[in-house]
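Before any comments, here is the structure.
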Amino acid sequence: MIGNLESLSNSILALDFAAKGVLLFILIFFFVVFAVFFLHTYYKNSLLAHSAGRKKRLPVVFVSLGEAFGKLISNFLILLPILGGIVVAAGVTLGVFKAVSSVNQFIDREKEIKALTIAINYLNQSDKTLDVRVRSVVDGAATLQLDYKASDPNDSSVPPVEWRKTITIQGTEIHFDCMVFNFSYSEVGAGKQRNIAIPYRVFSNKIAAVDGVALFSEDEIAPEDDYGFIPALYRERLARLLADADYARDMGVRSVNGSDVWRANVRAGDRFRIKVEQTGGLTLEAL
């Protein structure tokens, strides 16, 4: 639809230029007619003045201008069709101007609405962070199956990161600690970036966060790597975002923070999903 309207706008602009050309031609024609009347009367009046012995030409010019204007007025009826054409051309030109302006404004509004719709669609999306299945709850201890999968939405050639872990933890109010990278709304709305959440620890109402279950064991994390919990898919990029404030700002990072989401009174058979919202933050959805 936008493409058709733009074609229509281009056609109207072509008509606009044509109308301007016709109007200019008519104005030039009237000027030429007036100039012919003036030159004719000036020549005649100059001869009369010369024969009468008057040498002042300024009054002759004024007299000739008046006579030329009078001839133009006296021939008004003859020139009336042309004047009518000028009026019609002016009306058409004005209408074309208004049409072009209206069409262009409509196209601009449609483009803005389309851009806003795309941005809203991006911002309304959410990405899966973790799928959780409660396998059992025995003597106040919950056994959880955790499934994680991350992929690069901008590069399908990058293999996704996937893992499954089964953990058991005391307590029935289960908390999941995540590192959350929130990008600016403009970057997310334009589809350039997506918010990312990486789960790295589980704790509960019985087990404090500092004593929680790490989702990455010590042998999975190199001693010199402070960000070893970050999946390989994101390792270089996100580790730099954490370490380099200028780089993070240039990439449009709005905030980097730890956040947790929890589920109370878990029971065997419960299934839920932790998601990172593109407007920011984490949510937990029952499955």
Considering each residue of segment 161-190, count those that are in contact with a helix residue (DSSP H, G or I) (Cβ under 7 Å, 6 or more places away or on another chain) and acidic (Asp, Glu), and give that number. 1
Of all residues making up segment 245-265, the number that are of a type in the set (Asp, Glu) and either assigned to a helix (DSSP H, G or I) or modelled with pLDDT under 90 (or both): 2
Run ALA268 past the list (1) in a loop (DSSP other than H, G, I, E, B); (2) modelled with pLDDT of 90 or more; (3) of a type in the set (A, V, I, L, M); (4) within 34 Å of the chain's Cα centre (by Cα) and report the number of the one that doesn't hold. (4)
Give the residues of segment 131-154 that are in contact with an Asp or Glu (Cβ under 7 Å, 6 or more places away or on another chain) and aliphatic (A, V, I, L, M), sorted by residue number. VAL134
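So that you can scan it fast, the table gives a plain yes or no per residue for (1) surrounded by 15 or more Cβ atoms within 10 Å (Cβ to Cβ); (2) modelled with pLDDT of 90 or more; (3) within 27 Å of ALA239 (Cα to Cα):
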| residue | (1), (2), (3) |
| --- | --- |
| ASP127 | yes, yes, yes |
| ASP147 | no, yes, yes |
| PRO153 | no, no, yes |
| ILE174 | yes, yes, no |
| VAL180 | yes, yes, yes |
| ASP211 | no, yes, yes |
If we ask which residues in segment 155-172 are out of contact with any Asp or Glu (no Cβ under 6 Å at 6 or more places or on another chain) and surrounded by 11 or more Cβ atoms within 10 Å (Cβ to Cβ), their number turns out to be 11
For ASP250, the lone unmet condition from (1) surrounded by fewer than 11 Cβ atoms within 10 Å (Cβ to Cβ); (2) under 23 Å from ASN124 (Cα atoms); (3) of a type in the set (Asp, Glu) is (2)
Looking at segment 91-100, which of its residues are surrounded by 14 or more Cβ atoms within 10 Å (Cβ to Cβ) and either modelled with pLDDT under 70 or polar (S, T, N, Q) (or both)? THR93
I'd like to know if segment 101-116 contains one or more residues that are over 30 Å from VAL188 (Cα atoms), surrounded by fewer than 12 Cβ atoms within 10 Å (Cβ to Cβ) and either acidic (Asp, Glu) or in contact with a Leu (Cβ under 6 Å, 6 or more places away or on another chain) (or both). no
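The values are calculated or read from the model by the stated rules, or taken from the named source; none is laboratory data. The shown structure was predicted, so the numbers you read here are calculated from the model rather than taken from an experiment. For neighbour counting, all protein chains shown are included, and Cβ atoms are generated from backbone atoms with ideal geometry for every residue, glycine included.
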